[in-house]
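Report on one structure; see the data block that follows.
The values are calculated or read from the model by the stated rules, or taken from the named source; none is laboratory data. The model shown is predicted, which means the values in this text are computed figures rather than measured ones. Using ideal geometry, Cβ is built from the backbone for each residue, glycine included, and neighbour counts are taken over all protein chains shown. Surface accessibility is based on the protein's heavy atoms, side chains included, excluding ligands, DNA and RNA. Shrake-Rupley method; radii C 1.70, N 1.55, O 1.52, S 1.80 Å.
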Amino acid sequence: MSFKRSRRSAFVMTVLGTFIVFMFMASANMGYKWMPPADIVKTLLGYGTAKQELVLLEFRLPRIVLAILVGAGLAVSGAVLQAVTRNPLADPAILGITSGAGLGVNLYVVSGLMGTFSSIFALPVVAMLGAFATAAALYILSYKRGEGIRPIRIVLVGVALAAGINAAMMVLATMMNSNEYQFVYTWLAGTLWATNWQYVLALLPWIVILIPLMMLYARHLNIITLTEQVAIGLGTAVERTRQTLIAAAVALAAACVAVGGGIGFVGLLAPHLTRRLIGPQHQYLIPASAMTGALLVLAADAIGRVILGATEVSAGIVVAIIGAPYFIYLLLRTR
């Protein structure tokens, strides 16, 4: 059975990888200058013309790489949150973590430090501060002695926290000048605004460190999804493991949100779609969810750039159009 599941997972990830390459090529050709696939490969290998290198490497490629990293990070964060809370509706956006990260970014913008070079690498940090504060409040308000975290309670608390934080961000918006307000508006819509290599480098270390860390906890995640008593009986330090994984998931989501904007539902959709394809074993689910999330954001960004012609629709709006009905469907099915 394990061998069969491994083969199925390998097949699914191969298909996902193929689609990602296809979307990579399609996104690389979105703009005023069309480039044949052969020219894209030549340019990536360092044999393109100066104009091709400028268009692809400086303008298009950072956005594509950012979409892949943000999608992968949000998807893995959602998969881990769904496991540790034993709640199929868990998602960084639904639980208010995205809003908490946004509040950190908003406060940073109001402080007037946004224009400095160091702000590029400070953005994930300030987003994490806001996200961790929200996660701490979420954990405290959702936890009940003797019962732990009840799945429905954590969703209700998360929705309430998100509403309160969004109201606070609206108040902060009244304190901003036109440029700051435009930035926050773009950020909230989930537009991949940070389209240069500096922002990619600011996000990359968090992806490289936190996703492998969660992979190391795959066996513990498989056990935690069982009942609390069974997990304890199998020798898992449930609370310590849960807190570690929640912290990693929150940090990962905050880093992605800081440079990718308020893109919601990726952490909900990607793990669910992947789980239907390969099952619930997290040693396969985490890497496959990362690929599904990357494909989802990359495709949403590409669709948003062509769906209305000259007017660009943000990736966050495209994902929300798909994710909101699916969330309602899951809510109706969940007891």
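Select from region 260-282 the residues that are at pLDDT 90 or above and small (Gly, Ala, Ser) and list them in ascending order.
The answer is Gly267, Ala270.
Would you mind stating whether Ile321 is open to solvent by 10 Å² or more (accessible area, probe 1.4 Å), more than 30 Å from Ile224 (Cβ to Cβ), assigned to a helix (DSSP H, G or I) and without any contact (Cβ under 8 Å) to a residue 12 or more places away in the chain?
yes
So which residues in region 283-313 are modelled with pLDDT under 90 and open to solvent by 10 Å² or more (accessible area, probe 1.4 Å), if there are any at all?
Ile303, Arg305, Val306, Ile307, Leu308, Gly309, Ala310, Thr311, Glu312, Val313
Between a first residue in region 18-37 that is over 10 Å from Ala302 (Cβ atoms) and a second residue that is among the β-branched types (Val, Ile, Thr) and not in a helix (DSSP H, G or I), which pairs have beta carbons less than 7 Å apart while being 6 or more apart in sequence or on different chains?
No pair meets every condition.
Can you confirm whether region 325-334 contains a residue that is outside any helix (DSSP H, G or I) and either out of contact with any Phe, Trp or Tyr (no Cβ under 8 Å at 6 or more places or on another chain) or open to solvent by 70 Å² or more (accessible area, probe 1.4 Å) (or both)?
Within region 325-334 (the criterion being outside any helix (DSSP H, G or I) and either out of contact with any Phe, Trp or Tyr (no Cβ under 8 Å at 6 or more places or on another chain) or open to solvent by 70 Å² or more (accessible area, probe 1.4 Å) (or both)), the answer is yes, since at least one residue qualifies.
Does any residue of region 48-57 turn out to be closer than 22 Å to Pro205 by Cα and modelled with pLDDT under 90?
Yes; the residues of region 48-57 include at least one that is closer than 22 Å to Pro205 by Cα and modelled with pLDDT under 90.
Taking Arg153 as the residue in question, decide whether it is under 18 Å from Val250 (Cα atoms) and modelled with pLDDT of 80 or more.
Taking the combined requirement at face value, the residue does not satisfy it.
Please go through region 265-278 and give me each residue that is under 18 Å from Leu330 (Cβ atoms) and open to solvent by less than 10 Å² (accessible area, probe 1.4 Å), ordered by number.
Across region 265-278, the qualifying residues are Val266, Gly267, Leu268, Leu269, Ala270, Pro271, Thr274.
What are the residues in region 279-311 that are part of a loop (DSSP other than H, G, I, E, B) and free of Cβ contacts under 8 Å to residues at least 24 places away in the same chain, if any?
Residues satisfying the conditions are Ile307, Gly309, Ala310.
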